[in-house]
Structures are given as structure tokens and as C-alpha cells.
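A quick write-up on the structure given underneath.
The values are calculated or read from the model by the stated rules, or taken from the named source; none is laboratory data. In this text the structure is predicted, and so the values were computed from the model without any measurement. FYI the Cβ positions are ideal-geometry reconstructions off the backbone, even for glycines, and counts take in every protein chain you see. What goes into the accessible areas is simple: the full protein's heavy atoms, side chains included, and nothing from ligands, DNA or RNA. Shrake-Rupley method; radii C 1.70, N 1.55, O 1.52, S 1.80 Å.
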Amino acid sequence: MSILAERERSRSPLIGAAELAEFSDLPAPTPHTDAELAALIGLLTLPKSRIETVTIGHSRDANSLAAAEAFAAAWDARGGKVLASVDWPETAASWLRPARRLTAEAPDAWVMAGAPLGFAQLARRLRHSTDWDPARTFAFASLRDTRLPALAGPDTLHGLRGATADGATWHVRHRWVMS
């Protein structure tokens, strides 16, 4: 690998100040619903999914923490195993530490609850620095914002799936959030 290629690979994937200003009005996470939690469990337990182990990631706000804890309890009650629960800040220097913790134990899937801005920053770091796969990632309704794929960057979230507050589902297809 050339020195220039190595330098480019090691550059921080942080969202720039101009982009952050454009997305300054992203909503804070709201409390999850029972229907949302049931739909999320349903996505992870579809026939032939073979998902047994998960790692849960969440923002540090109270609603995201409550959603993560509710999911962990529900997953545990179904006989699934939570390998780790990792939180991340809304602002950080690189998000490398939570990204590495989320991928350290190679779970079958990841479950995310959080605010769109912090998650976009984390997702960029996950794609840049780990073997994280958004197609094996499931999210609460707080991350269903049509601006999230643009904020995270081209195809960073392609394949991400989630549940809505009313129990329906959504997914990211390239730069679109589809319900």
C-alpha cells in the first residue's frame, strides 16, 4: 500500500462543520413503544435469520438507554444473548472507541437506539475502521430520519433496518429511507 493510500485510509471520517450546520435540527430520541420493540424483535427473529447474539449500541440520552435496556430484557427473555451494550456520545473526537467495542465480539447482529447525529458519526467510523455491516444492523424508530443516509455518507447505512413507533418497519436502500 502506498503512503498516500495509507494516509487516506487512516483519515478521520468525521462529519464536517458545514454538514453539521445543515443538519442541526435533527430530533432527539423519543420514548420507544411496545409495538416498536415487538417489531424490532420480529425483524431479528424472521425465519432463517439465525440471529442468536447481538451487541446493543445506544446514545447516552435517557430514551435511548431505556430502549436499549428494554431490548436487552426482551432478547434475553427469548433466549438470545447480548454480548455487549455500548454507549456513545453525541460529540467526540473520533468515535473509534465505541466502534471497536461494538464490533469486538463479532455478534450475529447489532441493535441501535440513539439520536441521528451521533449515530451518523458512529456509523461513519464503523464503516471506516471496522468490519461492521449495516445489513446486519437493526434500529429503533429514533433513527428513522430521511436525512440520516445523506448525513452518514454514500452507502454507509445501506441495508440498515428498523421499526417504527407504530410497529411497522423501515430500511435504508442506498440514500433512501423506505417504509
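Where strands (runs of 3 or more DSSP E) fall entirely within segment 35-145, those with at least 3 residues that are closer than 18 Å to Trp170 by Cα and within 15 Å of the chain's Cα centre (by Cα) are at 109-113, 137-139. Taking the listed residues Ala84, Ala150, Ala106, Ala72, the one that is closer than 17 Å to Ile41 by Cβ and surrounded by fewer than 19 Cβ atoms within 10 Å (Cβ to Cβ) is Ala72, with no other qualifying. The number of residues in segment 26-36 that are under 16 Å from Ala70 (Cβ atoms) and either of a type in the set (Val, Ile, Thr) or open to solvent by 30 Å² or more (accessible area, probe 1.4 Å) (or both) comes to 6. Cβ-Cβ contacts under 6 Å between residues 6 or more apart (or on different chains), taken from a first residue in segment 22-35 that is modelled with pLDDT of 95 or more to a second residue that is surrounded by fewer than 16 Cβ atoms within 10 Å (Cβ to Cβ), are listed as Ala35/Asp166.
Of all the residues in segment 170-179, those that are open to solvent by 10 Å² or more (accessible area, probe 1.4 Å) and either outside any strand (DSSP E or B) or aliphatic (A, V, I, L, M) (or both) number 5. The condition (being open to solvent by less than 60 Å² (accessible area, probe 1.4 Å) and in contact with a Lys or Arg (Cβ under 9 Å, 6 or more places away or on another chain)) is satisfied by just one residue among Gly42, Gly57: Gly57. Filtered by the rule that a residue be surrounded by fewer than 20 Cβ atoms within 10 Å (Cβ to Cβ) and either free of Cβ contacts under 8 Å to residues at least 24 places away in the same chain or under 11 Å from Pro107 (Cβ atoms) (or both), segment 133-147 gives Asp133, Arg136. When Gly167 is tested against (1) of a type outside the set (S, T, N, Q); (2) without any contact (Cβ under 8 Å) to a residue 60 or more places away in the chain; (3) part of a loop (DSSP other than H, G, I, E, B), exactly one condition is not met: (2).
For Ala163, indicate whether it is closer than 21 Å to Ala104 by Cα, crowded, with 17+ Cβ neighbours inside 10 Å and not basic (Lys, Arg). The answer is no for Ala163. Test each condition in (1) crowded, with 18+ Cβ neighbours inside 10 Å; (2) at pLDDT 95 or above for Trp95 and report the one that comes out false. Among (1) crowded, with 18+ Cβ neighbours inside 10 Å; (2) at pLDDT 95 or above, the lone unmet condition for Trp95 is (2).
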